[in-house]
Amino acid sequence: MNDSTPSSGNVFVDLGFSPEEAALMTMRAKLMTDLRDLLSERGWTQAQAAAALGVSQSRISDLVRGKWQQFSLDMLVTLAVRAGRRVQVELAPA
């Protein structure tokens, strides 16, 4: 017996979030992943990252530990820009 449900392609929708919330959460998750990868690529300690990005070390710790609830989309975009990244939003057909 197979009790599995096919995925919608978005884990947040599958968890019951509205499509709007799921879109925002997906963007936040992607930005957090990209920022963590960037910190790792640069070999920064949390203290170095905090100084470079203009936030506290505890904020960097939250980022590294994936505490997505602690970050708005605005804050993640701000951190990405401070890290020298260009952030784009792309609209695609649903």
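A compact table of results
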quantity: Elements of type helices (runs of 4 or more DSSP H) in the stretch 1-76, at least 2 residues being acidic (Asp, Glu) and closer than 25 Å to residue 88 by Cβ; calculated: 19-42
quantity: Residue list for the stretch 6-60, restricted to those being exposed (fewer than 13 other Cβ atoms within 10 Å of the Cβ), at pLDDT below 90 and either touching a His at 6+ places or on another chain (Cβ under 6 Å) or under 17 Å from residue 74 (Cβ atoms) (or both); calculated: 20
quantity: Selection count, the stretch 61-94, where residues are within 17 Å of the chain's Cα centre (by Cα), closer than 19 Å to residue 29 by Cβ, among the small types (Gly, Ala, Ser) and exposed (fewer than 14 other Cβ atoms within 10 Å of the Cβ); calculated: 2
quantity: Test: residue in the stretch 48-71 that is of a type outside the set (D, E, K, R), within 23 Å of residue 8 (Cα to Cα) and out of contact with any Lys or Arg (no Cβ under 9 Å at 6 or more places or on another chain); calculated: yes
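The values are calculated or read from the model by the stated rules, or taken from the named source; none is laboratory data. All values reported here derive from a predicted model rather than from experimental measurement. Every residue, glycine among them, receives a Cβ derived from its backbone with ideal geometry; neighbour counts consider all protein chains shown.
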